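Visitor: For reference, the structure I am asking about is given below.
None of the figures in this text is laboratory data; all of them are computed from the coordinates on show. Nothing here was measured: the structure is a model prediction, and the numbers come from that model. When we count neighbours, we look across all protein chains shown, and the Cβ atoms used for this are built from the backbone with ideal geometry, even at glycine.
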Amino acid sequence: MNDKVCVTGASGFIASHLVKQLLDKGYHVKATVRSDASKYPYLTSLAGADKRLELVKANLLDNGVFDSIVADCDAVLHTASPYIVNVKDPQKDLVDPAVKGTLNVLSSCAKSSSVKRVVLTSSMAAITDEPQDGKIFSEADWNTKSDLKRNPYYYSKTLAERSAWDFVESSKPGFDLVVINPFMVIGPSLSPGLNESNKIFSDMLSGKYPAIMALIWGIVDVRDVAKAHVLAMETAGASGRYLVSNETMKMQDVVAYLNQQGYGNYKLPKVSLASPFGNKIMRLLSYTQPKGSGSYLRSHLGKGMSYDNSKVKNELGIEFISAKQSISDTIPDLIKWKHLKDKAA
Ligand code: NAP
C-alpha cells in the first residue's frame, strides 16, 4: 500500500473529500494549498490530520515548486485546476494553469524516484464538448470541439489531459498515469466555499434560472468521485481513463424532485421551455448571458446524453450513490453553509 500521498488543490470541493478519505484509510497526506494553514480548518480538523496531514503551499504556475513536495510521495493525486465557467481571459485564467500546472506537477513526479502512480482529475469535459442524441459516450471519446471561445473550461480540461498523456508517452517516467473523468459533481461540501457544480442547485432554488430548460445532467456524488480517485490509486491493474458519473437527470425531473422533497417554497423555475420552441427562445437568450454560460447553453440545449460507466464499476468496483440521494444531501448542506436561505427556520 502507498503510504504517503500528495493531493494538489486540497482546498477544493472534491480534493477535501479525497484528503478525508485518505486520512480515514490511514495514509499520510501531503496536501497542497495556496494560503496559510490557518485558512483550512476544515482540513486540519479532519480525523487523523494532527498526525498524518501536512499542508504545503504551492501555486500551479510556480515552476519546480512540486519537486520537493512529491520527492518522498508514493502517489500523487493531481486535482488542482481552475473550475470556473465564466472568466475574463480563458487562456490566462483557465488554459495556462490547467496545462502548465499539470505539466509542472508531472515533471516533478518524473524527477521523484518514489512516485509510482499519478491520478489526474480530468473531466467529462475532456470526453465531449456537448451531448449528442443517440451516442453513448465512453472513455474512447475525446472532446474535439471546444476552444477559447466555445466552452473554454472544457477546452482547458481537454488540453490538460492530452498534455498529461503526451508527457507520459514522450518522457516514459517511472510512474503510471490513471485519469478520472467525472461529470457534474454534487454533494455535501466539507469546505464553506460554493463549488460551480453545487451552485447550479443554489441558483435553481434562488430564482436565477428563468425557466425549466431542455438540459440533461450526468450526476455523480462528490464522495463517489473521491472514492474513485482512491481506488484508482490503490488498484494495481487500474489503467487509462475512467468515466465517473452515475445517472443522468433532465432539468425538469430535478425540479420536480426538488418540489416533491418540500423545496416548493424556494424560487424554483415554473415555466417550462423544455421544448423545441423553448430551445429557440433560450438560444436567443443565451447571448444575454456571460460568455461561458451562453456557450454552454448553445452547445447543450435540447440534446440527449448517454454514456457507459461500466469500466469504473467493473474495474474499480464503484457502487454509485443515487442522483436523488445526492440531491437530497446537497440541499441541506447548501443551507448549512448559508449558500441558501433556510426557509424552514
Ligand atoms: P474547486 O473546489 O474550485 O477546486 C479547485 C482547486 O484547484 C482549488 O483547490 C483551487 O485552489 C485549485 N487551484 C486553482 N487554480 C490553482 C492554481 N493556480 N494553483 C494552485 N491551485 C489552484 O473545484 P472542484 O470541483 O473540486 O474541482 C477539482 C477538480 O475536479 C478540477 O480539476 C476540476 O476541473 C475537476 N472536475 C470538477 C467537476 C465538478 O463538477 N465539480 C467535474 C469534473 C471535473 P484555491 O482554493 O486556492 O482556489
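Visitor: Assign one of three labels to the stretch 105-177, namely rounded, prolate or oblate, based on the Cα gyration tensor with a ≥ b ≥ c the square roots of its eigenvalues; rounded applies when a/c is under 1.5, prolate when it is not and a/b is larger than b/c, and oblate otherwise.
Guide: prolate
Visitor: A further question on this structure: For the stretch 78-87, just list the computed ³J(HN,Hα) in residue order, Karplus coefficients 6.51, -1.76 and 1.60, θ = phi - 60°, integers in Hz, with x standing in for Gly and Pro.
Guide: With coefficients 6.51, -1.76 and 1.60, one gets 9, 9, 4, 4, x, 10, 9, 7, 10, 10 Hz.
Visitor: Tell me which lysines have Cα within less than 25 Å of Lys336's Cα, excluding those fewer than 8 residues away on the same chain?
Guide: Lys20, Lys39, Lys199, Lys208, Lys227, Lys267, Lys324
Visitor: Below 17 Å, Cα to Cα, which aspartates and glutamates can Lys343 reach? Residues fewer than 8 away in the same chain don't count.
Guide: Asp203, Asp329, Asp333
Visitor: Now for a separate question. How far is helix 96-111 tilted, in degrees, relative to the longest principal axis of the Cα atoms in the chain, given as a value from 0 to 90 rounded to the nearest 10?
Guide: Relative to the chain, helix 96-111 is tipped by roughly 30 degrees.
Visitor: Another one. With charges set only on the Cβ (+1 for Lys and Arg, -1 for Asp and Glu), what does the dipole of the chain come to about its Cα centre, in debye to the nearest 20? Spell out each step's value before the answer.
Guide: Numbers: 42 positive and 35 negative charges, 206 e Å.
Here the size comes out at about 980 debye.
Visitor: Follow-up question, since we're still on this one. Shape call for the stretch 181-275 from the C-alpha gyration tensor, a ≥ b ≥ c root eigenvalues: rounded (a/c under 1.5), prolate (a/b greater than b/c) or oblate?
Guide: Working: a/c = 3.02, a/b = 2.01, b/c = 1.50.
Judged from the Cα gyration tensor, the stretch 181-275 comes out prolate (a/c at least 1.5, a/b above b/c).
Visitor: Along the positive direction of the dipole of the stretch 102-190 (beta-carbon charges: Lys, Arg +1; Asp, Glu -1; about the Cα centre), which of Ser163, Pro131, Val185 reaches farthest?
Guide: Ser163
Visitor: What does the highest-first list of 28-34, 107-113, 180-186, 46-52 look like by mean Cβ count within 10 Å?
Guide: On the way: 28-34: 22.7, 107-113: 18.6, 180-186: 25.0, 46-52: 14.4.
So the order, starting with the most tightly packed, is 180-186, 28-34, 107-113, 46-52.
Visitor: Which value, in debye to the nearest 20, describes the size of the charge dipole of the stretch 16-157 about its Cα centre when Lys and Arg Cβ atoms bear +1, Asp and Glu Cβ atoms bear -1, and nothing else is charged? It would help to have the intermediate numbers written out before the result.
Guide: Numbers: 19 positive and 17 negative charges, 41 e Å.
Roughly 200 debye, rounded to the nearest 20.
Visitor: Okay, next question. When ranked by the protection proxy of mean other Cβ atoms within 10 Å per residue, highest first, what sequence do the peptides 242-249, 87-94, 320-327 form? Mind showing how you got there, number by number?
Guide: Working: 242-249: 22.8, 87-94: 15.4, 320-327: 18.5.
Packing proxy ranking, top to bottom: 242-249, 320-327, 87-94.
Visitor: Rounded, prolate or oblate: which one fits the chain, using the alpha carbon gyration tensor with axes a ≥ b ≥ c (rounded when a/c is under 1.5, else prolate when a/b beats b/c, else oblate)?
Guide: prolate
Visitor: On a 0 to 90° scale, report how tilted helix 291-300 is relative to the longest principal axis of the chain, with both axes built from alpha carbons and the result rounded to the nearest 10.
Guide: Once rounded, the angle reads 70 degrees.
Visitor: Please sort 295-301, 206-212 by packing, taking for each peptide the average over its residues of neighbouring beta carbons within 10 angstrom, highest first.
Guide: Working: 295-301: 19.9, 206-212: 15.1.
Descending mean neighbour count gives 295-301, 206-212.
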